[in-house]
Amino acid sequence: MFDASDRPRVFGLPPGVDFPAELVRRLTDAHADQPPEALSRVRLIVNTSRMARRITDLFAHGPARLLPRIELVTDLPEARLLRGIPPAVPPLRRRLEITRLVAGLLDQAPDLAPRAALYDLSDSLAALMDEMHGEGVSPQVLYDLDVSNHSEHWARSLRFLQIVQHYFDRAGEAPDVETRQRLVVAALGKLWDTEPPQGPVILAGSTGSRGTTMLLMQAVARLPQGAIVLPGYDFDMSADTWADLDDALTAEDHPQYRFRALMHRLGIGPGDVRRWTGTTPPNPARNRLVSLALRPAPVTDRWLAEGPDLGPLTPAFDGVTLLEAPSQRDEALAIAMRLRQAAEEGITAALITPDRMLTRQVTAALDRWGILPDDSAGTPLQLTPPGRFLRLVAALFHRKSDAAALVALLKHPLTHTGSHRGNHLRWTHELELYLRKKGLPHPSVTDLQGFAERHDGAGDWAAWIADCLTGQQDGAELPLAEHVSRHLALAARIAQGPEGVGHGDLWGEKPGREALKAVTELQTEAEAGGPMGPADYAALFNAILQRGEVRERDAPHPRILIWGTLEARVQGADLLILGGLNEGTWPEMPAPDPWLNRQMRHDAGLLLPERRIGLSAHDFQQAIAAPQVWLTRSIRSDDAQTVPSRWLNRLLNLTGGLRDQGGDAAIAEARARGADWLDLTRALEEPGQTPPAHRPAPRPPLDARPRQLSVTEIKRLVRDPYAIYAKHVLRLRPLDPLMRAPDALLRGIVIHEVLEKFVKGVTQHDAPLTPEALMQITETVLAQNVPWPDTRALWHARLQRVSDWFVTSESARLATAQPTGFEIKGSHALRDPVFTLTATADRIDRDDHGRLHIYDYKTGALPSTAQQEKFDKQLLLEAAMAAEGAFAGLDPAPVARALFIGLGSDAKEGPAPLDKHPPARVWEEFSALVSAYLDPEKGFAARRALFKETDVSDYDQLARFGEWDTTQDPVPEDLA
């Protein structure tokens, strides 16, 4: 296929050319007049599975023929045939071994790193080992580095490197994957030196970014019929520009740097790289512009000299759309709209971005039109239903089971899939309401038994929950194998349900099969893990799931694609959308290296952090050369201003600086095209004009209006009648939180219980009336009712601050009267109008003269006298009821006083104005109030007289507050 040559054969294809298509075209042209078997003797080595699939598809579209042998760089057939190279140790086993070693080191020297960093350190150390194996760097090279300026940090790094030294000393006995690949390539190179294959061997599509791949490229280049085909080779760069890439410290982030390194390895120059085919890129002018824009930073001064040689710049921006969206959501929606149009036009369009959040938003936006893109990355295994389910189950062993976690697991679609799932969903709904009503933050077996007693037929189901979802936390250190077995056994029981045996639908679909594959591998290699606690096991399990992906697409659209940046080399799309062009996203910033700094990596012969940036730059250079290209970014992300990608910045700066060549106009036209699409997205999102709601004042029928309220609800009737309408007419109740928050309501309940127990102990059991006794009860009640340690401490401190005052004032109260009861219920019926008032008095005392003293504990601000007269009539009404004998067990008697006992930041007593409001006046005013709301013409106005405009009502959303404000008059509305 190739003419004899004493120089390595290196070919290239410029950016923008369909690399697989041109690769196939030359192969078929070169063998057009050859016997049918000639093409089958060609050995084609490519770098990715997607590249191999695309090449196979291209051959399949032609006439029937024998195909070349298509292999992957990482899966050479000689790897299974060469003798003396043992099989690779599974990556998971090696990782577990390293994790165990790091854990042992941290146990011996806990000052080296926090325990929470165990798995991050293990991953990072494993990655460093892989890189050292791949680049052929021994630990001795690192030990010999000059680290005089970093001695303390380097000493810590050496402690970790020394625990994995034996993996390098015995690399040939039990090699990891990277080591074995390098051994295979080295052995293959030696074999080829003595017995070279005579047929064509072509390595295509790789940039040689890893040391092992570079060795293979060198071996192929030495073969009699060997050739290398480089993707996205920049033929527009001059020899001087190539020379600027010799220094890795300044040039490794350049898109062509890896090719320059290959030239040095092969002993060739830029002129020795020939074109694989004569096909020109779609837009040569754009290629020249991008080539100049991406020159290494130290030589960007050449823009001034070489920029005028580019000529008019408008042709370079033909087919380029620049979209700068206000937010990532707008960016995703605009991209989705363009992909939708591409689907209608029947062209192939691909979104290329490393930002997985952007791709998820685009996929969600496309769903409104029923378009499912072909996403090459798939879904992370940990985010699939089986992944989430298994993570929730793993958490049961190290976290105290709370109500939220319990309900989340019960509602999971894989829970109880063995039989009768309908009953399971019914009982789950009932249990959630039960937990919300009871306010049980950590349901116990007793709580679940109480639920079963109230719900006929739920006994077996509740017992199954109690057995599976509670009491699993033990904190015991176990061998990894036992953790896995226990985890999978519990997951199977939860997935199956209480009836029968099995695992339900847990492993049924493709995500389940992938999850089963991951956990089976973990079971197989578990002996290498050693003992660990449940929390460490859960962290390890989550980290393993993070590595897996599930590419499950039932029927993706054949022409709407989502690719990673590497797949820009595969090309074959009419439109490429380069999304997320913001600094930190594309390119991604190099991850922090806890072991070696940049200079040390360079001196050791390891890869610099800029290598990944250089590879991303090469992907960008290829993608932007497509026939039609979109460049998109969001101006703001997460409420912060973003910075454009360095490559986009350079391109715009260079083009904008060449005003005489139409640079400004070219950018303006590209931006205008993007702005048109943003206008379309705004039009799509425009909801239209809907008249705002009026301030409601519904007038329900008289027979639907409430005829009974509690004294605490009278304040709400005065201030926010709409809330009474919603609660008692519509029968709507705010849903109690699943996890009770430490709010004012709970604080009031707890303080009431503390004071009731304290006063009962003093008056009924001769307990001491001292602050110490009060705080002792406080600690007990807080421990029983407040599961949040910080909140317990805060509420304990608040009550301690007022304990002396309360004991002193309580002594005076007890000297005046003695308690007759606590939480006393009462009711009083009016005849005209017919209405019942109910109450529960916190405490009522009786003095020696038979008079009553009513007390109400308050943890918030006390109402003023004026507020009690007009709005907060609780104590006035309770006093009027007590005078009528409305409380159970209390005969009618005069009320000497009614007090709010304030236990907030300002501890004090707040008396009710009983002298100005005797019972007769209270009943007269109350009757007038009730009669008003039983008048057919009276509406229940929303937010009639709230204390502050910012006060929140439970029914503001129902009343559509915000579409109106309190300056508007209520609009009555008769209801049937």
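In the stretch 381-550, Rg over Rh equals 0.97, where Rg is the alpha-carbon radius of gyration and Rh the Kirkwood radius from pairwise Cα distances.
Each peptide among 31-41, 888-898 gets the average number of other Cβ atoms lying within 10 Å of its residues, and from highest to lowest they stand as 888-898, 31-41.
Using the Cβ-Cβ distance between Thr56 and Asp120 with R0 = 51 Å, the FRET efficiency computed as 1/(1 + (r/R0)^6) comes to roughly 0.80.
Separation of the stretch 500-532 from the stretch 697-745 is 51 Å, based on Cα centroids. Counting only lysines at least 8 places from Lys948 when in the same chain, those with an alpha carbon closer than 19 Å to its own are Lys715, Lys870, Lys873.
With respect to the chain, whose longest principal axis is taken over its alpha-carbon atoms, helix 328-345 is tilted by about 60°. A Cβ-based charge dipole, computed about the Cα centre of the stretch 758-933 with Lys and Arg at +1 and Asp and Glu at -1, lands at about 200 debye.
Once you sort the root eigenvalues of the Cα gyration tensor of the stretch 496-637 as a ≥ b ≥ c, which label holds: rounded (a/c under 1.5), prolate (a/b larger than b/c) or oblate (the other case)?
The shape class here is oblate.
Taking every alpha-carbon pair under 8 Å whose residues sit at least 6 apart, the stretch 758-933 reaches a relative contact order of 17 percent. What translational D, rounded to a whole number of µm²/s, comes out for the chain from Stokes-Einstein when the hydrodynamic radius is the Kirkwood one over Cα pairs, at 10 °C and 1.306 mPa s? D = 45 µm²/s.
Across the chain, Cα pairs under 8 Å and at least six residues apart give a relative contact order of 14 percent. Relative to the longest principal axis of the Cα atoms of the chain, the long axis of helix 19-30 lies at roughly 30 degrees. Peptides 557-565, 350-358 ranked from most to least packed, by the mean per-residue count of other Cβ atoms within 10 Å: 350-358, 557-565. A simple spin-label model places the labels of Ala476 and His796 3.2 nm from each other, with each point 7 Å out along Cα-to-Cβ.
Using the Cβ of Ala305 as centre and a radius below 13 Å, the other residues enclosed give a net charge of -2, where K and R count +1 and D and E count -1. Computed from Cα atoms, the angle from the helix 510-525 axis to the main principal axis of the chain rounds to 80 degrees.
Using only side-chain charges placed at the Cβ, +1 for Lys and Arg and -1 for Asp and Glu, the dipole size of the chain relative to its Cα centre rounds to 1080 debye.
Normalised by the number of residues in the stretch 91-174, the average gap of Cα pairs under 8 Å and 6 or more apart makes the relative contact order 33 percent. Largest first, the three principal axis extents of the alpha carbons in the stretch 758-933 are 51, 35, 27 Å in whole numbers. Counting only other residues whose beta carbon sits under 10 Å from that of Asp845, what net charge do I get with K and R as +1, D and E as -1? Within the 10 Å Cβ shell, the charges total +4. Given the C-alpha centroids of the stretch 445-498 and the stretch 289-307, what is the distance between them in whole angstrom? Centre-to-centre distance over Cα atoms comes out at 66 Å. The count of lysine pairs in the stretch 381-550 that are at least 8 places apart or cross chains, and whose C-alpha atoms lie under 24 Å apart, stands at 6.
Read-outs: derived from the displayed coordinates by stated rules, not from any lab. Nothing here was measured: the structure is a model prediction, and the numbers come from that model. All Cβ positions, glycine included, derive from the backbone under ideal geometry; neighbour counts span all protein chains shown.
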